[in-house]
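J.: Below is one structure. I have some questions about it.
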Amino acid sequence: MNKSESWADNLNPVISALQRGHYLLYCQQIAPLAENLSKRPFNEILVRLFEEERRLLPPGMFFPMLQEQGLMSLLDCWVVSQVLKLQSSALLARPDWVAPCNSINLSEDSVGDPEFVDFVQAQLDKWDPPQGTIAFEILETIVTSREEESQKLMHSLLARGCTFGIGSFMGEGGFELLSRLPIAFVKIDGSLVRKLLISPASQSRLVAINDYCHGRGIQTVAECVEDVETLAVLSDIGVDYVQGFGIAKPAPFLADL
């Protein structure tokens, strides 16, 4: 039995592994800085755990347990299916609604699991999302260590209208990685953004990443933007998008519909 057939049956162990609560989808806006960018809204999909004590736990509180038990790929499957299902329902209710591009983070387990691609393709067949509404984000460290598997996953899903980005990018492994992958956007690591106003070295690195990406037709996103001073410098540098608590706080997915 493959993943696309068995994921629902295996979802209960993912939840029961925590022995409490259930997962909720949240999202955080990725706001455009340039006027010539797509008018389609852009979000990063986030996951929260709702405890019986009515507390929302961030990923850092439960991801390590899922990773230890080898269950991250199943959680990724749940996220993909829920995003597509909820987006489809919203479009049926409001046909004039412009669905956002929803960027879903992928774990190393999913990148290395051939059945994950089969599952996503089956979900795309089922829900038939509008072109440009599904993106996947993979950390630079994962892409670097599993480049061949990342290549296969990307090319398989690019043909289905999905796009890809690299998250927490520092360029420490060399910018050549970007030339070998079909990447639409790069998220510049928050450590560089947070030091932008106080560290010339961080600013130089950020400018170099931004310039290299633009030279290859790749859009850039600055993570962890917290204040207007940083936002102004990023605008001057020419970064395409910004994300962080200074832009928008995470909110329940599709809560405004």
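The values are calculated or read from the model by the stated rules, or taken from the named source; none is laboratory data. Please read these numbers as outputs of a predicted model, since none were measured by experiment. FYI the Cβ positions are ideal-geometry reconstructions off the backbone, even for glycines, and counts take in every protein chain you see.
Residues are listed down the side, and each one gets a yes or a no for (1) over 30 Å from SER73 (Cβ atoms); (2) surrounded by 15 or more Cβ atoms within 10 Å (Cβ to Cβ):
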| residue | (1), (2) |
| --- | --- |
| THR163 | no, yes |
| PHE175 | no, yes |
| ILE198 | yes, no |
| ASP227 | yes, no |
| VAL239 | yes, yes |
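J.: Looking at (1) assigned to a loop (DSSP other than H, G, I, E, B); (2) touching a helix residue (DSSP H, G or I) at 6+ places or on another chain (Cβ under 7 Å), find the lone condition where ARG205 falls short.
T.: Failing condition for ARG205: (1).
J.: Among the listed residues LEU49, LEU75, LEU37, LEU25, identify the single one that is part of a strand (DSSP E or B) and either at pLDDT 80 or above or under 30 Å from VAL239 (Cβ atoms) (or both). Give the derivation first.
T.: Working: LEU49 fails: either at pLDDT 80 or above or under 30 Å from VAL239 (Cβ atoms) (or both); LEU75 fails: part of a strand (DSSP E or B); LEU37 fails: part of a strand (DSSP E or B).
After applying the criteria, what remains is LEU25.
J.: Of all residues in region 118-149, which are buried (at least 16 other Cβ atoms within 10 Å of the Cβ) and either of a type in the set (D, E, K, R) or in contact with a Leu (Cβ under 7 Å, 6 or more places away or on another chain) (or both)?
T.: Across region 118-149, the qualifying residues are VAL120, GLN123, TRP127, PRO129, PHE136, GLU137, ILE138, GLU140, VAL143, ARG146, GLU149.
J.: Still on this structure, please answer the following. State the number of residues belonging to region 147-180 that are not in a helix (DSSP H, G or I) and not acidic (Asp, Glu).
T.: Pass one, region 147-180, residues not in a helix (DSSP H, G or I): 159-175, 180.
From what is left, the residues that are not acidic (Asp, Glu) are 159-171, 173-175, 180.
Going through region 147-180 one residue at a time, the tally reaches 17.
J.: Another question, if that's okay. Based on this model, can you work out whether PHE175 counts as among the aromatic types (Phe, Trp, Tyr) and at pLDDT below 95? First the steps, then the outcome.
T.: Working: among the aromatic types (Phe, Trp, Tyr): yes; at pLDDT below 95: yes.
Yes.
J.: Something else now. Looking only at region 143-159, decide whether some residue is of a type outside the set (Ser, Thr, Tyr), modelled with pLDDT of 95 or more and within 26 Å of LEU234 (Cβ to Cβ).
T.: So far as region 143-159 goes, yes, one or more of its residues are of a type outside the set (Ser, Thr, Tyr), modelled with pLDDT of 95 or more and within 26 Å of LEU234 (Cβ to Cβ).
J.: Anything in region 86-107 that is in a helix (DSSP H, G or I) and either under 20 Å from GLN29 (Cα atoms) or in contact with a Lys or Arg (Cβ under 7 Å, 6 or more places away or on another chain) (or both)? List them, or say none. Even if it seems obvious, please write down each step before you answer.
T.: Let us first name the residues in region 86-107 that are in a helix (DSSP H, G or I), namely 86-93.
Listed by number, the residues that qualify are LEU86, GLN87, SER88, ALA90, LEU91.
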